[in-house]
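Beneath this line is the structure, given in structure tokens, with notes to follow.
The values are calculated or read from the model by the stated rules, or taken from the named source; none is laboratory data. The model shown is predicted, which means the values in this text are computed figures rather than measured ones. Because the Cβ atoms are built from the backbone with ideal geometry, glycine has one as well, and the counts that use them run over all protein chains shown. These accessible areas exclude ligands, DNA and RNA; they are computed on the full protein's heavy atoms, side chains included. Shrake-Rupley method; radii C 1.70, N 1.55, O 1.52, S 1.80 Å.
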Amino acid sequence: MTSPFVPGPPIRIAGAPSGPLAGLTFAAKDLFDVAGHPTGGGNPDWARQHPVPTRHAWAVQRLLDAGATLIGKTVTDEVSLGILGENPFDGTPLNPKAPERVPGGSSSGSASAVAQGLCDTALGTDSGGSVRVPASFCGLHGIRPTHGRLDLGGMMPQAPSSDTTGWFARDAETFARVSEVLLGETIPARLPTTLVVAVDAFGLADAETAAALQPMVRALSVLVGYVREDLLAPPGLSAWARAQRNLQLSEAWLTFRDWIDRHNPRVAYSVALTLAFASTIPESERQSAGLMRAEARARLAWLVPPGAILCMPTTPFPAPRKGLSLATLEPLRARISCLTAHGGLTGVPQVSLPGATVDGLPVGLSILGAPGSDATLVAVAKAMEASR
């Protein structure tokens, strides 16, 4: 069984003696700086070839100042370029809800640590789904905040126009407490008044997953009141996914190009393949993807104005088995990206809610809102848990 924590001496940093998170423990994905400890990024060569940070990342410091105690740094897919949670150097953290299956990535260790009850909450990052997917696979609350809302100081970048800090919790009350601190905003009592059900997203999911989520959709409908069906992506979810892939990987190549050129680091074949592809994306594709991003943002602004939310499956299926071949995994990754690409493309906030299973395996229901409606989504998470 692989530990969710990175190899090396244990890390424990006590939080402030009092504060709204006093008594809680947290872990941080190994993309967040912790003073005096290397930031590994899931790759041993990255850790060796970058200086040890002298100050904490903003999100780590924020939680410490609120009274939470840091108990460790967690395993991540290599340089956050993964969505399933399998790391050839550090191993695959346990998914306690599905021990023979992947935890989801790239925030795999953070999700695993929370799901195992080793800490109350944990920091992750989400560029293309790296909090939302493990939240779904491990049966957790997880959030991708509005892009640009939080300070990403001390967080290792991948694709800056998509990168966000996110976090996990097992229960809605803890999720809300942590969210208030990191969002700097009280969770409101008032809920949205309109729910849009994304029929194209439910249609892309496995039939068993779509069916398993229907009781949650009905419960959400009761809470909100007015419900209608619509398409999330009229051009096609796969068209949005292609645009996001081209934008995200183009930026990832710029982020890691000099490191690769200078150090020729050891990376897994799948990561090398991704970066090699990223280096070949032509300017015409990037420009086309940029236009698609503008269209997607306009679509979301119309579809979920303030006071409305949209629901959809977080992932199209439960966690795949560990150790599958690359040829088997590639189409699975492609389908996952069809349901996660809108995050980086539009920048809207999204919360994955636990509560459904397929043959005992967790799957999450996601709710999306207008930019800045992060706290309202957390309020819905609290109301959904209370309604069970």
Residue ID - surrounded by the most Cβ atoms within 10 Å (Cβ to Cβ), chosen from residues in region 367-385 that are in contact with a helix residue (DSSP H, G or I) (Cβ under 7 Å, 6 or more places away or on another chain) and part of a strand (DSSP E or B): I367
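Let's see how each residue does on (1) open to solvent by 50 Å² or more (accessible area, probe 1.4 Å); (2) touching a residue at least 60 places away in the same chain (Cβ under 8 Å):
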position: A212; (1), (2): no, yes
position: V217; (1), (2): no, yes
position: Y226; (1), (2): yes, no
position: L231; (1), (2): yes, no
position: P235; (1), (2): yes, yes
position: A243; (1), (2): no, yes
position: N246; (1), (2): no, no
Residue within region 343-359 that is in a helix (DSSP H, G or I) and either polar (S, T, N, Q) or surrounded by fewer than 22 Cβ atoms within 10 Å (Cβ to Cβ) (or both) present: yes
Qualifying positions in region 232-290 - polar (S, T, N, Q) and assigned to a helix (DSSP H, G or I): S238, Q244, N246, Q248, S250, T255, S270, T274, S284, Q287, S288
Single condition R177 does not satisfy, out of (1) assigned to a helix (DSSP H, G or I); (2) without any contact (Cβ under 8 Å) to a residue 60 or more places away in the chain; (3) in contact with a Ser or Thr (Cβ under 9 Å, 6 or more places away or on another chain): (2)
Residues that are of a type in the set (G, A, S) and buried (at least 24 other Cβ atoms within 10 Å of the Cβ), drawn from region 60-81: A68, G72, S80
The one condition in (1) assigned to a helix (DSSP H, G or I); (2) touching a residue at least 12 places away in the same chain (Cβ under 8 Å) that L191 fails to fulfil: (1)
Total residues in region 346-384, condition closer than 26 Å to Q248 by Cα and aliphatic (A, V, I, L, M): 9
Considering residues of region 9-21 that are open to solvent by less than 80 Å² (accessible area, probe 1.4 Å) and within 25 Å of the chain's Cα centre (by Cα) only, the residue nearest to T121 (Cα to Cα): L21
Any chance F32 is open to solvent by 20 Å² or more (accessible area, probe 1.4 Å), within 30 Å of L249 (Cβ to Cβ) and in contact (Cβ under 8 Å) with a residue 12 or more places away in the chain: no
Qualifying residue in region 319-330 (condition: open to solvent by less than 10 Å² (accessible area, probe 1.4 Å) and within 16 Å of the chain's Cα centre (by Cα)): yes
Filter result for the condition that a residue is farther than 19 Å from A233 by Cβ and not hydrophobic (A, V, I, L, M, F, W, C), over P305, P349, P318, P313: P318
Contacts under 6 angstrom Cβ, first residue in region 367-388 being touching a residue at least 40 places away in the same chain (Cβ under 8 Å), partner of a type in the set (S, T, Y), 6 or more apart: G369/T376; P371/T146; G372/T146; D374/T146; V378/S179
Filter result for D126 (open to solvent by 10 Å² or more (accessible area, probe 1.4 Å), in contact with a strand residue (DSSP E or B) (Cβ under 8 Å, 6 or more places away or on another chain) and in contact (Cβ under 8 Å) with a residue 24 or more places away in the chain): no
Members of region 283-305 found to be open to solvent by 50 Å² or more (accessible area, probe 1.4 Å), within 13 Å of G347 (Cα to Cα) and of a type in the set (A, V, I, L, M, F, W, C), listed by number: A294, A298, A301
